[in-house]
1. Modelling each spin label as a point 7 Å along the Cα-to-Cβ direction, I'd like the A:D172/A:T641 distance in nm, to one decimal.
2. Quick one: compute the contact order of chain A, relative version, from alpha carbon pairs under 8 angstrom and 6+ residues apart, as a percent.
3. Which percentage, to the nearest 5, of the DSSP beta bridges contained in the protein assembly as shown is antiparallel?
4. Along the charge dipole of the protein assembly as shown, pointing to its positive end and built from +1/-1 on Cβ of Lys, Arg, Asp and Glu, which listed residue (A:N546, A:A397, A:S311) has its Cα farthest out?
5. Mind checking the range A:261-337 for trypsin sites (Lys or Arg not before Pro) that DSSP puts in a loop (not H, G, I, E or B) and that have at most 15 other Cβ atoms within 10 Å?
6. Measure up A:K572/B:K40; B:K7/B:K117; B:K17/B:K59 against 18 Å on the Cα-Cα distance and list the ones that go over.
7. Put +1 on the Cβ of each Lys and Arg and -1 on the Cβ of each Asp and Glu in the protein assembly as shown; which of A:H236, A:V185, A:T165 then has its Cα farthest toward the positive end of the dipole?
8. Tell me the Kirkwood hydrodynamic radius of the range A:267-406 in angstroms, computed as one over the mean inverse distance between distinct C-alpha pairs.
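Each value in this text was obtained by applying a stated rule to the coordinates, not by laboratory testing. Just so you know, these numbers come straight off a predicted model, no measurement behind them. Cβ atoms come from the backbone with ideal geometry, glycine included; neighbour counts cover every protein chain shown.
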Amino acid sequence: MSITAMPPCQAACPIRTDVRGYVYAISKGDVSEAIRIIREVNPFPSVCGRICTRACESACRRGQIDEPIAIASLKRFASDETMEQKDIFKTGPYYTEKIAIVGGGPSGLTAAHDLALLGYNVVVYEAHDELGGMMTRGVPEYRLPKNVVMNDIERILSLGVEARTNTALGKDITVDELMKEYQAVFIALGSEKSLFPKCRGIELPGVITAVEFLKQVSRGQRPYLGQKVVIIGGGHTAIDAARTCIRLGSPDVTVLYRRTINEMPAGRIEVEEAESEGVKFRYLSAPLEFIGRGRIEKIRCTEMRFVADESRRRRLVPVEDSEFEVMADAVILAIGYNPRTDDIKDIEKISGKRGTIVVKDDTGTTNLKGVFAGGDVVSGPMSVIDAIASGKRAAIAIHRYLRSLPPKENEEPTVLKPLDEKIIPLIEKRPQQKMAQLPVEERIKNFDEVNLGFTWEQAISEAQRCLNCGAGAEISDECVSCLNCVRVCPYNVPVASEYKPKIDISQCQACGICASECPALAIDIKLDTKEQSIIKLQNAINSAKNISGNNSEIEFYCQYKKIGKPGTETSKETSIGKPCIARIDISQFIKPFEEGCKKVKILACKDNDCHFKECNKWLNKHVNEAKRILKESGLDPEQLTVVYE
Amino acid sequence: MVIAEIKSLADINEMIKSFRKIFIVGCGECVSVCLTGGQKQVELLSSALRISGRNDKEKRILKGKTISRQCEPKFLEQINKDIEESDAVLSMACGAGVQTLSEKFRKIPVFPAMDTKFIGVSDEAGNFIEMCSACGDCILSLTGGICPVTRCPKGLLNGPCGGSKNGKCEANPETPCAWLLIYEKMKELNKLEELKNINNPKDWSKNMRPGKVKAGI
């Protein structure tokens, strides 16, 4: 497996975010670099940092040791901490073609963002009076504050993207009209038409869809809920609606779900948070009829159970004679959504089942020339990151269509393998940082954000838990097959093969000891390459000489022990942070003296206080050897000092 | 493999003191493997020489390169230009490498930066141990694969001597007695009986210097 193999977090991300890259940047306290890496692929970091479905975390190999890295929370941290940075790279336009995007949700806005960066003129049409789609109308503020979404959207608009709100496809504009003015159209209408259970009584006043309910609340309206509210459904929207009811002061809120918590599309954490706020859950229960005189009063329900059919698939069936009634002053329906395309006449040629638009492949190409589609309108409701990914694919497809380039070939990345069982016990356990939350009694009174974000200390500590998967050792052709790497690795990763040693990049922990011990300088560590090390050292030496002339001093410190918010003492230009100082080879200790520096100080960790293994053993070896060289060269070895902190 | 050690910096400085442009040549074979003469050591030696020459009136110019095998004249072609631009060459190779360099570049002084020690192997604990004296008349078939000519300081062919104590050698208490090792090994091989045979004196005429082996190309 080559050094380019992808970490599982990145491979699991629908937009292939360089998670390792930005988490490492945060571990060094460099949030600007972190957000730069994130924004390279994702125009919605503040959104994904809060409500992403986090496939990356499920794939994270740290989970094999203790718990995965809190990746989304770190993304949120990078985004929150750089909210004020407005250094937007404005581009183009390089091309004359104009592109219309229909739908200002995550998919449409991402396509707009990417196409604007590619150098096109982009206009976004939005049916509502505000951009954002479900991000601003669907997800409540306590989970995703509107101002952070708007911050991301403003950046997109600042690229020169024009937004025309209150303009609905099928009502105010048609695809045919758009195709006369624009060279390509991307339809990303979303999926906001609620599904209704096949029960009598859904027309009763007091029965409302969750989308409509959340939309009204987001606009400051307060629908009548009475004393008892029942939410039907088990997805994110159902939970969002329930917790919103609590915040509006409803004393009795129950979620009725036909399956069990194990089948719930909403996560267990969301359910627990809702329960802690007072939401009740009734599983394996489905409505049969909504009953009331002029207004909803109660729901006739049945209990459900799973039965295995002939093909051994579990099927959900009502339990006989199990009917019961639930009193309700209001019912909120959240059982699913379809795209709302029935009244859009000129897309009939490309419409599919349940209001969706049919595309030819995952680039969103449709049977209408120049018309592309993506996001929920194609797939039905999905996660925000999937919508973003679909917008990105469409942007590339539109660009290639307009430039007459062949379609981009899909390359499946090679992914790192899981950690070996024999490596796992060698890695120190460190629990995941837990984000502070508003106390329950406070948060149920308002719509303030529940999760408060990481502190600097938490973010750095959490980022330092990352195993930097795949950023380890690579052996070059200079290897002389001495097998020293096989002998020195604290994790026993390198092995002697028929000719040269081999280092399994899936298992290498990137501690760097093999590289510092290689007599042929044939090993480089992707995490902290030789080239980067030389540049960092030279910059530090130059700064030291500028500041103190012949009295200059260089300091090396362990990044895992001494890192803080920018501006603190470790960010001195003459200090060099290293992801563990055992990796520093002797030449780095000697080089400053060669250039006329007076002192080199190494801030080392105390024994047994080390991120990797056996660090002090190797540090001492390197320091002793460097001191010997200094002495032989006529300098005082004490000019090189180690301070254990 | 040939094991060599770097000379002291004082000795090296003494050899090159009258030269300014010095080219250090490392070797990618034995001395890289025994961690004393590879590219890393080339760079460290050049740093050390730069530091120790820091007070010279005219600064030293040091360049370095490691070539895959210094004892192969064909590999030396690649440094023709570097040699032209230098006043002296420091070879970080075994004596064979130094001499090949010296023969190839006859107009420039070539100095050894290393002392060639012996033919040996790693003991896996950071040491290299002598194993073979290149005597030209191998008797390992008689001694269970352990060479008494090299590993017994007396080179006894019929040991051990009276100086073997607790399995160690009287010449150096850290050195295991080669003949005890031979005994243990022969026991494992069920060949202890063979040790009753008296080994005849070796044919030292096969050790005539300089050695020459005809390989017939």
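1. 7.1
2. Relative contact order, chain A: 14 percent.
3. Roughly 35 percent of the DSSP beta bridges within the protein assembly as shown come out antiparallel.
4. Sorting the options by dipole projection puts first A:N546.
5. Hits after loop and neighbour filter: A:R293, A:R295, A:R312, A:R313.
6. Over 18 Å Cα-Cα: A:K572/B:K40.
7. A:V185
8. Across the range A:267-406, the inverse of the average 1/r is 19.4 Å.
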